[in-house]
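The values are calculated or read from the model by the stated rules, or taken from the named source; none is laboratory data. It should be emphasised that the depicted structure is a prediction, and the values quoted were computed from it without experimental measurement. Please note: Cβ atoms are built from the backbone with ideal geometry, for glycine as well, and neighbour counts cover all protein chains shown. Just so you know, the surface numbers come from the protein's heavy atoms only, side chains and all, with ligands and any DNA or RNA stripped out. Shrake-Rupley method; radii C 1.70, N 1.55, O 1.52, S 1.80 Å.
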Amino acid sequence: MLLPWLFAALKAPAQQRVLQNVQIVDVQRGVLLPGTHDVYISSGKIFKVANHRSDFAHTGFDPVDGSGQYLIPGLWDMHAHPDDPELWRMQPTASQRDLLLPQFVLNGVTGIRDMGGSMVEVNRWRQLDKEQQLLVPKILACGPLLDGPDPMWDGSVGIDNPSRVTHIVDSLKTAGADFLKVYSLLPRDIYLELAQYAAEINLPLVGHVPFTVRPSEAAETGMKSQEHLLEILKECSSRSEDFISGNIDYGDLESGLARYIYRQQLLINSFDSLKFKQLLSTFREYHTWITPTLSMWYKNAWYEQEWLGDSSNLRYIPAYMRKYWTPEVNDHLKYRDHPPFIETKKELYRIYQYMVKEMAQAGIPLLCGTDMGANPLCFPGIGVHNELRALVAAGLTPAQALKTATWNPAAFLKLEDHYGSVLPGKVADLVLLNSNPLQDLQWLTQISMVIQNGIFYHSQEIAARKEAIMLELAP
């Protein structure tokens, strides 16, 4: 057993610090600020940003050299499941799950939106963070998923009647939930009641578009963010009414696998770009945000090659999660020996790439999310780097992609006064990089230091902590 301090937050240093001679990335505009700057940090916040070697000087700030390096706001994972209910069947221990949280911060991810799990566990992590017993990103959480009477996953709240909505929502809010997440099997009438009550009490509603609801209706009824691009293909099909009514003729296809492939191919082949553009117009009108989780879809479609490529990262993943990420156990990895199924997954991914590029061009605000948890090879922290590169591969510029993990989360969460840019008065959650990420987001993996709440984690300590996690998890 390794020393607990290796996983805990550092005690805040008594001295104040100034990060000198850095290039600041203005992530909102996607440009470098001209010249180099000195960033003064005090009491966990940015005290002052001054031109390097300007007349501004303040005694008591210990200098930290940032020459030749690039400063960005801390990254966010806006769709993460460090306590994924899908994994509860693997019986993880609290200490195993705890080793996932520091990995966000050590990879520059200083905030996450927890998209489903136990509020008891989230509140325990928040307390450990407050007591500086565990290195934890800032967590905003929804608690359990809100699903239909026969929920898809363990730990969900199955709602069988609209009359139960008020009590359930009030209970979640009392337990500390920051927002509500609806799920795929939620009946239409219950979804509409949820949307109405959430709007009344000003509690954000996000999640999966239920099977019984169109993405346009979800936007119109106030779903603030839609996850995974779900149900968009169905609404944008030239045969959308047939899909919604269930009037699809499967001929002599009897197996569930054959019907799935036929259905997905029909959705792909009947995609109507005009309907898609109309949907984007609705998203713009109702200020709907989209979390594509492209890297999750990619890891599922190209699993075998990605497993080999991610072999070194698997050393940081607890045994229960590594086991669940295999085809023998994982619900998302069925039919790996059936080429038509795999090719269908890849075709779906390509159309998702097209959707995301069109969304970016149409001005639909995007959020970086990984679906870290039960989904194979969606890593804590590293997954954000993968997602941003997937967005670039889909057609976004590095600046556009970086914004989805920095400024956009702050704006979505209405925390832009505290996060999302390098400005005085904001929380000192920052990442110092060795090279310019606006040229290539690959440089996000080359971290010189992470600053969380004004506490500096230099590259040597980051490496030591990662090594300690790896050794703790070694067989």
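Here are some notes:
- Surrounding net charge for Leu253, when Lys and Arg each add one and Asp and Glu each subtract one, Cβ distance under 11 Å: -1
- Gained length - Asn123 relative to Glu220, 0.36 nm times residue gap less alpha-carbon distance: 31.7 nm
- In the chain, helical runs assigned H by DSSP with n ≥ 4 each contribute -39500 (n - 2.57); averaged across all residues and rounded to the nearest 500, the mean residue ellipticity at 222 nm is -10500 deg cm²/dmol.
- Only beta bridges with both residues in the chain are counted; by DSSP, about 45 percent of them are antiparallel.
- HN-Hα J in Hz across the stretch 225-234 - Karplus 6.51, -1.76, 1.60, θ = phi - 60°, x for Gly and Pro: 9, 10, 9, 6, 6, 5, 6, 5, 4, 5
- Amide H partners (placed H, <5 Å) of His79, local residues excluded: Arg113, Thr370, Asp371
- Whole-Å distance, taken between Cα centres, linking the stretch 357-421 and the stretch 179-204: 24 Å
- Residues Val392, Val25, ordered by accessible area of protein heavy atoms at a 1.4 angstrom probe radius and largest first, appear as Val392, Val25.
- In this structure the amide hydrogen of Leu32, modeled in the peptide plane, comes within under 5 Å of the amide hydrogens of Asp26, none closer than 5 places in sequence on its chain.
- Accessible area of the chain divided out per residue, in Å², using a probe of 1.4 angstrom: 41 Å²
- Over the chain, the fraction of Cα-Cα pairs per 20 Å bin, rounded to whole percents and listed from the shortest bin up, is 24, 57, 18, 1, 0.
- As a calculated quantity, the FRET efficiency between Tyr250 and Leu10 at R0 = 60 Å, using C-beta atoms, amounts to about 0.50.
- In nm, spacing of pseudo-spin labels at Ala94 and Asp160 (7 Å Cα→C-beta vector): 3.3 nm
- Summing Lys and Arg as +1 and Asp and Glu as -1 over all other residues whose Cβ lies under 12 Å from the Cβ of Arg350 gives a net charge of +1.
- In Å², nearest 10: area of Glu235 left accessible to a 1.4 Å probe: 30 Å²
- Cα centroid separation, the stretch 26-101 to the stretch 431-475 (Å): 11 Å
- Largest accessible area first, the listed residues Ser311, Ser448 line up as Ser311, Ser448 when surface is computed with a 1.4 Å probe on the assembled protein chains.
- For the stretch 48-92, the set of trypsin sites (Lys or Arg not before Pro) satisfying both a DSSP loop assignment and a count of at most 12 other C-beta atoms within 10 Å is given as Arg53.
- Heavy-atom accessible area order for Tyr298, Tyr316, largest first, 1.4 Å probe: Tyr298, Tyr316
- When the pairs Lys181/Lys403; Lys277/Lys403; Lys181/Lys275; Lys224/Lys346; Lys138/Lys414 are compared against a 20 Å limit on Cα-Cα distance, Lys181/Lys403; Lys277/Lys403; Lys181/Lys275; Lys224/Lys346 fall above it.
- Long-range amide H partners of Met449 with built H, under 5 Å: Leu432
- Accessible area per residue was computed with a 1.4 Å probe on protein heavy atoms; Met152 scores about 80 Å².
- Residues in the stretch 133-142 carry Karplus couplings, in order, of 9, 8, 7, 10, x, 4, 10, 10, 9, 10 Hz; the curve used is 6.51 cos²θ - 1.76 cosθ + 1.60 with θ = phi - 60°, and Gly or Pro positions show x.
- Cβ-based net charge around Gly143, under 11 Å, with every Lys or Arg adding one and every Asp or Glu removing one: -2
- Overall, the accessible surface of the chain at a probe of 1.4 angstrom is composed of carbon and sulfur to the extent of 51 percent.
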